[in-house]
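Asker: What follows is a single structure, and I will ask about it in a moment.
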Amino acid sequence: MKVDWLIVGAGFTGAVLAERIASQLDQKVLVVEKRNHIGGNAYDYYNEHGVLVHKYGPHIFHTNSKKVRDYLSQFTEWRPYYHRVLASVEGKLVPVPFNLNSLYALFPPKYAERLEEKLICTYGFGVKVPILKMKEAKDEELRFLADYIYKNIFYGYTIKQWELTPEELDPSVTGRVPVYISRDDRYFQDTYQAMPKQGYTAMFGRILSHKNIKVLLNTDYREIVREIRFNRMIYTGPIDVYFDYMHGSLPYRSLRFEFLTFDREWQQEVGTLNYPNEYDFTRTTELKHLTGQRLPWTTLIVEYPQAYQPENINFEPYYPIPREENRLRYSLYEKEAAKLGGSVLFAGRLADYKYYNMDQAVARALKLFEEIAHG
Ligand code: FAD
């Protein structure tokens, strides 16, 4: 077989690049995917109860990029959806990220009112204040509030999610956790927040439907790379695997998902419940909130964080671990990639060893396409 491009991986990065190259450059693309489906981690399917579920954890689309939204809108209609999350703290359900409503969910009304006034006076309304900054507030009650949120909402969740204390993680992670001085309970504040109306896999089916694209599933590219003739390659798998771990393996955090179906219409009042302090799992997500499906029964995803084991095929690499030493190791691989002189292009969350939201993965792919198209 002869193609212009071999693309490894049928997630957002691989699919968007395949579509752009096929439709804009009129070149032939073979997409090779080792899993038995397209869509990468955004893959969804109907389970045995007819509930649309996300195999690799809940995926909620949100972006401030009109370009990304317009691009994807060629392949899907949207269902507006604003995600809401409540954290279980001392037996109460509290909106997160922590905001003014959270004060009233936790504390007696008079005390909540006083804290609200102090927050607005000190920082202004509509402002997101990093929790570490608030810990240094002059006012004693604001320092108490920051400590309370840190201890009861942030610390336990971080330990479960990463098996590291917040101090052991890169300050870019801990420094970002905000207190939102607002009544806006939405988990995200992006301009565009919506779910693909027929689901992600249907959208990927349309992205990859161009006549110049062929998709080969159930195939690790290494099994076929010698049998295919191609000019250039785009690789969206793990960069350390590409280079046979020559600089050691890049660490990831993994997850185990449990899917539970209940014989009742709704199980929880919002999309996601976080459990910072109780249980082994971090959160439960009720998919019907996200997808808008109406059924008399419901399915939840329960997420159990776990260490990643590269040699074990049952473990997926999900979150790059944000620590300086890992970034340094990644930069060694980046140098190896540069030595290939552009014959193989590396992109995506596994090849860039960087957590991307879906819109960031699409933006990265669109930018790389521009570079390819303009030589
Ligand atoms: P992937 O989707 O991982 O695609 C890479 C593909 O390459 C995979 O399908 C893999 O099987 C394939 N591959 C790897 N090696 C080989 C090989 N040797 N041969 C053939 N194929 C190979 N983003 C949001 O915007 N909102 C969310 O709510 C959200 N929730 C998330 C929840 C979880 C638990 C996780 C882990 C991520 C979440 N994301 C979310 C991020 C989202 O999943 C990523 O942005 C997206 O998956 C990036 O796409 P990608 O193509 O770079 O990588």
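The values are calculated or read from the model by the stated rules, or taken from the named source; none is laboratory data. Just so we're clear, the structure is a prediction, and the values are computed from it rather than from any experiment. Counting neighbours? That spans all protein chains shown, and the Cβs are built from the backbone with ideal geometry, glycine included. Note: areas computed on protein heavy atoms with side chains; ligands, DNA, RNA excluded. Shrake-Rupley method; radii C 1.70, N 1.55, O 1.52, S 1.80 Å.
Asker: Measuring from centroid to centroid over Cα atoms, what is the spacing of the stretch 297-330 and the stretch 64-92 in Å?
Answerer: 22 Å
Asker: Something else: I'd like to know which of Y123, F154, P166 lies farthest towards the positive end of the charge dipole of the stretch 118-174, counting +1 on Cβ of Lys and Arg and -1 on Cβ of Asp and Glu.
Answerer: It is Y123, whose Cα lies furthest towards the positive end.
Asker: Any idea what the alpha-carbon Rg over 2.2 N^0.38 Å comes to for the stretch 1-133?
Answerer: The reported ratio for this selection is 1.60.
Asker: Then there's this: Using the heavy atoms of the protein chains alone and a 1.4 angstrom probe, what is the accessible area of the stretch 221-302 per residue in square angstrom?
Answerer: Heavy-atom SASA per residue in the stretch 221-302 reads 49 Å².
Asker: What dipole magnitude, in Debye to the nearest 20, does the chain give about its Cα centre under +1 on Lys/Arg Cβ and -1 on Asp/Glu Cβ? The partial results should precede the final answer.
Answerer: On the way: 48 positive and 47 negative charges, 206 e Å.
That gives the chain a dipole magnitude of about 1000 debye.
Asker: Enumerate the calculated ³J(HN,Hα) couplings along the stretch 305-315 in order (Karplus 6.51 cos²θ - 1.76 cosθ + 1.60, θ = phi - 60°), each rounded to whole Hz, writing x wherever the residue is Gly or Pro.
Answerer: Result, ordered by residue: x, 8, 5, 8, 10, x, 7, 9, 5, 7, 10 Hz.
Asker: Rounded to the nearest percent, how much of the accessible area of the stretch 233-327 (1.4 Å probe, protein heavy atoms only) is carbon and sulfur?
Answerer: On the way: 2100 of 4400 Å².
Exposed carbon and sulfur together represent 48 percent of the surface.
Asker: Whole-Hz Karplus ³J(HN,Hα) for the stretch 242-256, in order, using 6.51 cos²θ - 1.76 cosθ + 1.60 and θ = phi - 60°, x for Gly and Pro?
Answerer: 4, 9, 6, 6, 4, 10, x, 8, 8, x, 10, 9, 10, 9, 10
Asker: Something else now. Using the crude model of +1 on Lys and Arg Cβ and -1 on Asp and Glu Cβ, and no other charge, please compute the dipole size for the stretch 85-180 relative to its Cα centre, in debye to 20. Each step should come with its number before you reach the end.
Answerer: Values: 12 positive and 13 negative charges, 41 e Å.
Using Cβ point charges on Lys, Arg, Asp and Glu, the stretch 85-180 gives about 200 debye.
Asker: Moving on to the next point. Give the Cα extents of the chain along the principal axes, in whole Å, largest first.
Answerer: If we take the Cα atoms of the chain, the spans are 73, 49, 39 Å.
Asker: Work from the charge dipole of the chain (Cβ charges, +1 for Lys and Arg, -1 for Asp and Glu, about the Cα centre) and give the residue of Y252, L145, N41 farthest towards its positive end.
Answerer: N41
Asker: Which of the trypsin sites (Lys or Arg not before Pro) found in the stretch 254-342 are in a DSSP loop and have at most 16 neighbouring Cβ atoms, other than their own, within 10 Å? Numbers along the way, then the final one.
Answerer: Details: sites: R256, R264, R283, K288, R294, R323, R327, R329, K335, K339; in loops: R264, R294, R323.
Counting only loop positions with at most 16 other Cβ atoms within 10 Å, the trypsin sites (Lys or Arg not before Pro) in the stretch 254-342 are R264, R294, R323.
Asker: Near E136, within a Cβ-to-Cβ distance under 13 Å, what is the net charge of the other residues, with Lys and Arg +1 and Asp and Glu -1? Working shown, then result.
Answerer: Working: positive: K133, K135, K138, R143; negative: D139, E140, D147.
That sum, taken over residues with Cβ under 13 Å, equals +1.
Asker: Run through all the Cα pairs of the stretch 85-180 and give the fraction in each 5 Å bin from 0, expressed as whole percent.
Answerer: 2, 13, 25, 27, 18, 10, 4, 0
Asker: Could you give the accessible area per residue of the stretch 85-180, probe 1.4 Å, as a whole number in Å²?
Answerer: On the way: 4740 Å² over 96 residues.
The answer is 49 Å² per residue.
Asker: While we're here: Run the quick spin-label model on K34 and R183: label points 7 Å from Cα toward the beta carbon, then report their separation in nm to one decimal.
Answerer: Result: 5.1 nm between the two label points.
Asker: Tell me which DSSP H helices of the chain clear both cut-offs, 18 Å or more of axial length from alpha-carbon atoms and a mean Kyte-Doolittle hydropathy of at least -0.5. Show your work: numbers first, answer last.
Answerer: Values: long enough: 109-123 (21 Å, -0.75); 324-339 (23 Å, -1.66); 358-373 (22 Å, 0.36).
Qualifying helices: 358-373.
Asker: Could I ask something else about it? Rounded to a whole number, what % of the accessible area of the stretch 85-180 do carbon and sulfur atoms account for, probe 1.4 Å?
Answerer: Values: 2740 of 4740 Å².
Accessible surface attributable to carbon and sulfur in the stretch 85-180 totals 58 percent.
Asker: Multiply the residue gap between K133 and E311 by 0.36 nm, knock off their C-alpha separation, and tell me the result in nm, one decimal place.
Answerer: Details: separation 178, 0.36 × 178 = 64.08 nm, distance 4.09 nm.
Additional length available on full extension: 60.0 nm.
Asker: Calculate the dipole size of the stretch 1-100 relative to its Cα centre from +1 charges on Lys and Arg beta carbons and -1 charges on Asp and Glu beta carbons; express the result in debye to the nearest 20.
Answerer: Numbers: 12 positive and 9 negative charges, 35 e Å.
It works out to roughly 160 debye.
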